[in-house]
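Comments concern the structure below.
Rule-based calculations on the coordinates, nothing more; no lab input. Just so it is clear, the model here is predicted, and its values are computed rather than measured. Cβ sites come from the backbone with ideal geometry, for glycine too, and all protein chains shown count toward neighbours.
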């Protein structure tokens, strides 16, 4: 059974600091998705990673995928308050999509 | 705004009742996905339709059913509702795999 584990589940950062969110999954998969969810809002797609070694960057966020290690990371550079949200990774194909529990990120001034 | 619309935004009903949630995908998207988000279960994939046909099933209860109509809008039917069905139900659409999914604003269901 495909399992997806994110850590940490809660993350409190100071503005300007760097940090990494980890997403581990249990079976082979070559597609991984990162989403952002603001409180009370819907999910917004951030990245789609489709191959081993894929790296994508958007602003202060960078995501990477290591399919051999079954690991994806979401790196936050010089955090700002606007990045406060819950971040989900999701793994799998259309017939078995699993989401991690989410990482609730709070960026403090 | 993702372009995916869902109605209603909020729904309050009683145990044992039946409700229908509606989703209109982005223009041109053939795939529709339904998800349930609750505090205890997290975000769970329920079911996917592609161009009117059921494509994949996730953790969808037998009391729940869905369909996609010729105009590509989709409905999720929840019957014999229980307290534990209270959750946020999202619909998402995508043009094709493995493209990203675009999520609608959700329907918040409260079963009393």
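Taking the Cα-to-Cβ direction at residue B:7 and at residue A:104 and moving 7 Å from each Cα, how far apart do the two end points lie in nm?
3.4 nm
Can you give the Rg to Rh ratio of the range B:50-94, both from alpha-carbon atoms, with Rh computed by the Kirkwood formula?
When Rh is taken as the Kirkwood radius, the ratio is 0.97.
Please rank B:5, B:107, fewest neighbouring Cβ atoms within 10 Å first, as an exposure proxy.
So the ranking, lowest neighbour count to highest, is B:5, B:107.
Over the alpha-carbon set of chain A, divide Rg by the Kirkwood Rh and report the Rg/Rh ratio to two decimals.
0.95
Between the range B:75-112 and the range A:11-70, how far is it from one alpha carbon centroid to the other, in angstrom?
Measuring centre to centre over Cα atoms gives 23 Å.
Quick one: what does P(r) look like for the protein assembly as shown with 10 Å bins over all Cα pairs, in whole %?
The distribution over the protein assembly as shown is 8, 33, 35, 19, 4, 0, given as percents.
If the label point is 7 Å along Cα→Cβ of residue A:1, which residues in the range B:47-78 have backbone nitrogen under 19 Å from it?
Hits in the range B:47-78 for residue A:1 at 19 Å: B:47, B:57-63.
If you average the sequence gap of Cα pairs under 8 Å that are 6 or more apart and divide by the length of chain B, what percent do you get for the contact order?
Result for chain B is 37 percent.
Below 8 Å between Cα atoms, with a sequence gap of 6+, how large is the relative contact order for chain A in percent?
Over chain A, the number comes to 37 percent.
Would you please give the FRET efficiency between residue A:22 and residue B:99, computed as 1/(1 + (r/R0)^6) with r the Cβ-Cβ distance and R0 = 35 Å, to the nearest 0.05?
The formula returns an efficiency of 0.90 here.
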